[in-house]
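What follows is a single structure, written as structure tokens, with notes after it.
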Amino acid sequence: MAFYLRSGSLYDSRKSALPRRHMSTSACRLAAALLALCIFLFDVLSPLEGAVAVLYVLVVLIAARTAWRKDLFAAAAGAIVLTLVAYAISHGLENYGSPALRAIVSIAAIAIATMLALQNQSAMATLAAQARLLNLSHDMIFMRDIEGVIDFWNDAAEQVYGWSPAEAFGRVADELLRTRYPAERATVEAELLQNGRWEGVLEQETRSGARLVLDSRWAVQRDRLGKPMGVLEIHTDITERQAENAALVKSERRNRRMFDSSRIGVLEEDWSAVRKELASIQEKGIPVSDYLAGDPDFVARARRLIRIVDVNPALLSMVFVEDPNQFLTTVDDVLSLTDRTFVGALAAFARDDAFYEGETEMVGSDGEVIPVLFAITFPASADDGDNVLIYVVDITERRHAQDTIQQAQAELAHAARVATLGELTASIAHEVSQPLMAIVTNGEAGMRWLRRDPPNLEEVETALGRAVAEGRRASGIVKRIRAFLKKAPSHRGEIVLSALVEDATALVQRELARANVQLQVDIQAGIQNMRGDRIQLQQVLVNLMINAAHAMSAQTRPRLLFIGVVQNASKSIEITVRDTGPGVSEEHRQRLFEPFFSTKQDGMGMGLAICRTTVEAHGGQLVIDSQPGVGATFRVTLPVTEGSAAG
Ligand code: ADP
């Protein structure tokens with residue numbers, strides 16, 4: 001592009017038009033016509049014998065300024081006609097001497113000037129079209145000479161920088177725009193001149209004082225001899241992009257800092273391979289959770305498919321690993337084989353849940369099992385890919401503390417059981433003495449039958465049979481009491497609900513009978529078994545029954561105790577212990593389950609507190625529903641074991 005043409009010669013268009021163009025078309029036409037008239041009159045009237053008609057070249061040049069080809073042709077034709085007319089008037093048509101030669105030279109000069117003007121006009125038209133193109137650009141484009149003086153300024157430059165072309169022309173670009181370079185100005189210039197171009201990011205200031213960050217490309221324009229004539233500068237405004245990038249970098253750094261300095265262990269894992277496998281299962285129309293339950297091989301494979309991409313220092317120290325690269329393996333290498341949560345996490349991932357959390361165990365580098373709490377954050381959208389973040393907290397110490405609490409609770413519960421049995425001593429003694437008496441009686445009877453002559457062996461056998469049965473009964477009672485008093489750590493096993501209620505009622509049956517309490521038990525058929533500590537739950541029922549008997553001890557109306565066991569719609573088991581005692585006042589109800597709350601003179605107030613802790617430790621609830629004056633109802637809700645048999 002021939003932009004080295006200095007100001008004033010190339011712009012035809014609008015605001016970038018230059019001073020010479022400011023002369024309007026009609027003014028040019030008028031000037032050309034007047035000048036032509038003057039030259040004509042001078043040619044005709046002047047006694048001078050010179051090539052005055054050559055001056056018509058000026059008329060052609062003025063006409064050329066309108067940029068209309070027809071004006072140029074009209075001016076040229078007019079000039080030639082006037083030259084010929086003036087010649088005819090001054091010399092007549094018969095004279096072919098030197099005046100004719102001068103006229104021919106003048107006409108030739110007019111023709112040559114017209115041709116050159118035409119050529120110039122078409123070059124100008126091309127340049128103007130190119131200049132218009134530059135004006136369409138959203139980039140700021142300007143031309144400057146080698147000293148930095150601006151001589152072209154496109155529309156975008158005007159809009160963004162705020163100076164019009166007229167204001168920018170003649171100003172030194174660096175001063176006008178307060179340019180700040182990434183390196184020394186001289187270095188930039190040297191590079192530009194050496195390579196013919198320069199690219200970089202620089203800062204400039206607009207008229208309103210706003211600082212812009214610009215991506216700049218410069219190119220040197222040279223003349224035919226290779227001498228630098230000017231520089232074309234193209235600037236793209238990247239201020240916003242830069243700000244966004246800076247914000248992104250800042251947030252990335254902050255996230256990294258959080259990741260590295262967090263005391264919570266963090267793992268980043270790639271679940272894309274598992275995503276594909278889950279998608280193919282879903283395509284077959286199989287519910288993922290059903291599929292996972294039925295295919296342990298798939299679950300084992302999925303553990304190996306999930307790659308650990310990154311881990312933070314907190315996690316490394318949790319599993320005693322020093323080199324992170326040593327850790328970048330698969331989930332299978334860190335998750336304990338006893339883990340039961342992974343299937344749930346896969347199902348949650350397949351459902352596109354936002355997160356999944358639970359408690360599991362990891363395996364340290366030395367094979368040590370580490371109990372952990374974890375929360376998995378799944379990608380919020382498909383754009384986030386399949387990288388999953390897992391936050392892990394080591395709960396070894398918490399587990400120890402929990403164990404200690406559990407032990408203390410077990411000891412307290414044991415003490416309470418001893419205390420309960422202490423209360424039952426009289427009835428137990430009575431219960432045991434009964435079979436013992438029966439054994440003695442049957443033994444004596446047997447001996448009498450034996451002493452007979454002849455001895456009646458049939459009767460002896462019957463008597464001995466009864467003695468054995470009674471002995472077994474006594475031993476059963478002692479066994480039950482010993483089991484109840486056993487000081488053993490909590491042991492969870494499968495519990496048949498009907499057997500639980502039966503054992504508990506057997507322990508207090510005698511006491512209830514002594515206290516004149518009528519017991520009614522109603523156990524729904526087909527109730528599922530549950531997992532738990534049999535003795536602890538037995539203690540809950542014994543406590544509730546003895547409390548009921550105590551509550552009803554002063555009343556004359558019928559003393560009824562009802563125990564019902566049902567499995568409700570939510571699949572949990574509900575054990576109801578209801579009496580017809582005085583019930584519990586609103587005021588007492590608030591404090592009933594608090595340790596050491598008792599309304600009894602010699603009460604310890606620990607019974608209900610232990611009952612509630614025990615039930616809650618089994619994942620259940622213990623609540624009271626009481627109508628003062630009518631009776632109290634205690635409701636124990638317990639979860640059943642999934643898939644367990646009915647007892
Ligand atoms: P304690 O039996 O040693 O008092 P508990 O914790 O077993 O301790 O009971 C606390 C209190 O709850 C009792 O003192 C009694 O006032 C009240 N209570 C418990 N069961 C009943 C019930 N069935 N009817 C009325 N009040 C009850």
Helical mean residue ellipticity (222 nm; -39500 (n - 2.57) per DSSP H run of 4+; nearest 500) of the chain: -17000 deg cm²/dmol
Heavy atoms of Val440 accessible to a 1.4 Å probe, total area in Å² rounded to 10: 80 Å²
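With every protein chain present, what is the per residue accessible area of region 336-436 (1.4 Å probe, Å²)?
With all protein chains present, region 336-436 gives 54 Å² per residue.
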Tilt relative to the chain, helix 396-451 - C-alpha long axis, 0 to 90 degrees, to 10: 20 degrees
Normalised convex hull volume, region 244-381, alpha-carbon set, Å³ per residue: 121 Å³
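Can you tell me, using C-alpha contacts under 8 Å and at least 6 residues apart, the relative contact order of region 294-410 as a whole percent?
So the answer I get is 18 percent.
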With DNA, RNA and ligands ignored, accessible area of Lys276 (1.4 Å probe; Å², nearest 10): 150 Å²
Mean separation of Cα contacts under 8 Å (6+ apart) over length of the chain, as relative contact order %: 6 percent
All aspartates and glutamates inside 12 Å of Lys479 as judged from Cα atoms, apart from same-chain residues fewer than 8 positions distant: Asp503
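How would Phe355, Phe298 line up by accessible area, probe 1.4 Å, largest first?
Phe355, Phe298
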About the Cα centre, charge dipole magnitude for the chain (Lys/Arg +1, Asp/Glu -1 at Cβ), debye: 1000 debye
Isotropically averaged projected area of the chain, using the convex hull of Cα atoms (one quarter of hull area), nm²: 58.0 nm²
Exposure ranking of Trp68, Trp198, Trp449 by accessible area [1.4 Å probe, largest first]: Trp68, Trp449, Trp198
Portion, in percent, of the accessible area of region 516-626 that falls on carbon or sulfur, probe 1.4 Å: 48 percent
Set of lysines near Lys276 by C-alpha distance (under 26 Å), chain-local residues within fewer than 8 positions excluded: Lys284
Whichever aspartates and glutamates have a C-alpha closer than 13 Å to that of Lys227, once near sequence neighbours (fewer than 8 apart) are set aside: Asp145
Carbon plus sulfur fraction of accessible area for region 66-159, probe 1.4 Å, in percent: 69 percent
Between helix 185-195 and the chain: long-axis angle, C-alpha atoms, 0 to 90°, nearest 10: 70 degrees
In sequence order, calculated HN-Hα J values of region 159-174 (Karplus, 6.51, -1.76, 1.60; Hz; x Gly/Pro): 5, 7, 6, x, 9, 6, x, 4, 6, 7, 4, x, 8, 7, 3, 4
log10 of Debye I(q)/I(0), alpha-carbon scatterers only, for region 411-467 at 0.16, 0.17, 0.19, 0.29 Å⁻¹: -0.59, -0.62, -0.68, -1.00
Principal-axis tilt of helix 69-91 within the chain, Cα atoms, nearest 10 degrees: 0 degrees
Solvent-accessible heavy-atom area per residue, rounded to whole Å², over region 464-586 at 1.4 Å: 50 Å²
Estimated distance in nm for a label pair at Arg241 and Asp332, the labels positioned 7 Å out from Cα along Cα-to-Cβ: 4.6 nm
Inter-part distance where region 221-279 and region 575-599 are each reduced to a Cα centre, Å: 67 Å
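The values are calculated or read from the model by the stated rules, or taken from the named source; none is laboratory data. Source: prediction; values computed, not measured. Here the Cβ is made from the backbone with ideal geometry for all residues, glycine too, and neighbour counts use every protein chain on show. Keep in mind that these areas ignore ligands, DNA and RNA; they rest on the heavy atoms of the full protein, side chains included. Shrake-Rupley method; radii C 1.70, N 1.55, O 1.52, S 1.80 Å.
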